[in-house]
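Written below as structure tokens is the structure these notes are about.
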Amino acid sequence: MQKSLYDYPQYYDLAFRDETDDEADFIEAAWAKFGDGPLKHLLEPGCGSGRLVVELARRGYDVTGFDLSEPALRYTRSRLRRIDRTAEVLNADMIDFSLPRKFDMAYCTMNTFRHLLTENDARSHLQMVADHLRPGGLYLLGFHLMPPDADEECIERWRGSSGKTSVCFTLRVLDFCRRTRLESLRISMLAKTPRGEIRGRSEFQLRLYKAAQFKTLIAKVPDLELVEVFDFDYDIDEPQPLDNELADAVFVFRRRDSNA
């Protein structure tokens, strides 16, 4: 039976498991370099299968994550129970959420931000995150930028395995429009398990950003100061220029002190 990918967070988690330690290590390294005071309270908007929520809770942090996918939230909670850790796991929207506390750091990786398809939604999200950070708090935002020579026809694959279970995800670009700044994608999944094969497929759109377009956006959220830019190598000692050569970007923002 072929269903939506969002019904199978365990296989998404398996395919991207190898990224988890590098991302969590970078979060800690970014705080050590740019943060102020102890790092305790973390926020992940659009936490998906909860890879980082679980890992950072395992490392002893107080983590809050939210998403709109109930299967993903149930899976995250079950993984937390298996490792005997707790975290706040909520159903909420990236552009309209309200939490009762301020956080030291927020993070959002793996292109989740590009699911916000309009300039207004993207700006609203950045402002909502800023509103939930304490002064001096950091926001780490990772996604793919669009170089001028970007290939409009693209196929990518990710694979993972554990024991007798293996999974392969295939991404195809179905449509790519520089004018509307939208690309349409299809991701297909094939999981091979001891009980047989499971297939899933989802189609969705992502917003496109060139470096200059993202600079224009962040200028509209003065509460966030862009501190540094990195790439997906997650090397804290190798910052990158925000220009047309950068494709895989990780932005480090700091919440400005409104009283300063």
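Condition test on S184, is it over 18 Å from the mean Cα position of the chain (by Cα) and either surrounded by fewer than 16 Cβ atoms within 10 Å (Cβ to Cβ) or outside any strand (DSSP E or B) (or both)? Spell out how you get there, then give the answer.
Values: over 18 Å from the mean Cα position of the chain (by Cα): yes; either surrounded by fewer than 16 Cβ atoms within 10 Å (Cβ to Cβ) or outside any strand (DSSP E or B) (or both): yes.
It is true that S184 is over 18 Å from the mean Cα position of the chain (by Cα) and either surrounded by fewer than 16 Cβ atoms within 10 Å (Cβ to Cβ) or outside any strand (DSSP E or B) (or both).
I'd like the full set of residues that are open to solvent by 20 Å² or more (accessible area, probe 1.4 Å) and among the hydrophobic types (A, V, I, L, M, F, W, C), limited to the stretch 117-165.
L117, M128, A150, C154, I155, W158
Applying the selection to the stretch 56-72, what residues are open to solvent by 20 Å² or more (accessible area, probe 1.4 Å) and assigned to a loop (DSSP other than H, G, I, E, B)?
Residues of the stretch 56-72 that are open to solvent by 20 Å² or more (accessible area, probe 1.4 Å), as a first pass: 58-62, 67-68, 70-71.
Residues satisfying the conditions are R59, G60, Y61, L68.
Among the numbered conditions (1) buried (at least 18 other Cβ atoms within 10 Å of the Cβ); (2) within 14 Å of the chain's Cα centre (by Cα), tell me where D22 comes up short.
The one condition D22 does not meet is (1).
Considering E228, E245, E203, which residue is more than 20 Å from the chain's Cα centre (by Cα), open to solvent by 30 Å² or more (accessible area, probe 1.4 Å) and closer than 26 Å to T20 by Cα? Break it down into steps so the answer makes sense when it comes.
Details: E228 fails: more than 20 Å from the chain's Cα centre (by Cα); E203 fails: more than 20 Å from the chain's Cα centre (by Cα).
Unique residue meeting the criteria: E245.
Take the conditions within 14 Å of L224 (Cα to Cα), aliphatic (A, V, I, L, M) and within 16 Å of the chain's Cα centre (by Cα) and apply them to M105. Does it pass?
Working: within 14 Å of L224 (Cα to Cα): yes; aliphatic (A, V, I, L, M): yes; within 16 Å of the chain's Cα centre (by Cα): yes.
Answer is yes for this residue.
Look through D93, D104 and report the one residue that is within 27 Å of P239 (Cβ to Cβ) and charged (D, E, K, R).
Details: D93 fails: within 27 Å of P239 (Cβ to Cβ).
Among D93, D104, only D104 is within 27 Å of P239 (Cβ to Cβ) and charged (D, E, K, R).
Examine the stretch 33-41 for a residue that is more than 19 Å from R82 (Cα to Cα), open to solvent by less than 10 Å² (accessible area, probe 1.4 Å), in contact (Cβ under 8 Å) with a residue 60 or more places away in the chain and part of a helix (DSSP H, G or I), and state whether such a residue exists. Give the steps one after another, and end with the answer.
Quick first cut of the stretch 33-41, residues more than 19 Å from R82 (Cα to Cα) only: 33-41.
Okay, now just the ones that are also open to solvent by less than 10 Å² (accessible area, probe 1.4 Å), so none.
No: the stretch 33-41 contains no residue that is more than 19 Å from R82 (Cα to Cα), open to solvent by less than 10 Å² (accessible area, probe 1.4 Å), in contact (Cβ under 8 Å) with a residue 60 or more places away in the chain and part of a helix (DSSP H, G or I).
Report yes if some residue within the stretch 80-91 is open to solvent by 70 Å² or more (accessible area, probe 1.4 Å), over 20 Å from L226 (Cα atoms) and small (G, A, S); otherwise report no. Steps first, answer last, please.
From the stretch 80-91, those open to solvent by 70 Å² or more (accessible area, probe 1.4 Å) are 81-82, 84-86, 88, 91; that's our starting set.
Remaining after also requiring over 20 Å from L226 (Cα atoms): 81-82, 84-86, 88, 91.
Next, only the ones that are small (G, A, S) stay: none.
No - not one qualifying residue is present in the stretch 80-91.
The values are calculated or read from the model by the stated rules, or taken from the named source; none is laboratory data. What you see is a predicted model, and the numbers here were worked out from it, not measured in a lab. Every residue, glycine as well, gets a Cβ built from its backbone with ideal geometry; the counts of neighbours run over all protein chains shown. Side chains are part of the model used for accessible areas, which takes the heavy atoms of the whole protein and leaves out ligands, DNA and RNA. Shrake-Rupley method; radii C 1.70, N 1.55, O 1.52, S 1.80 Å.
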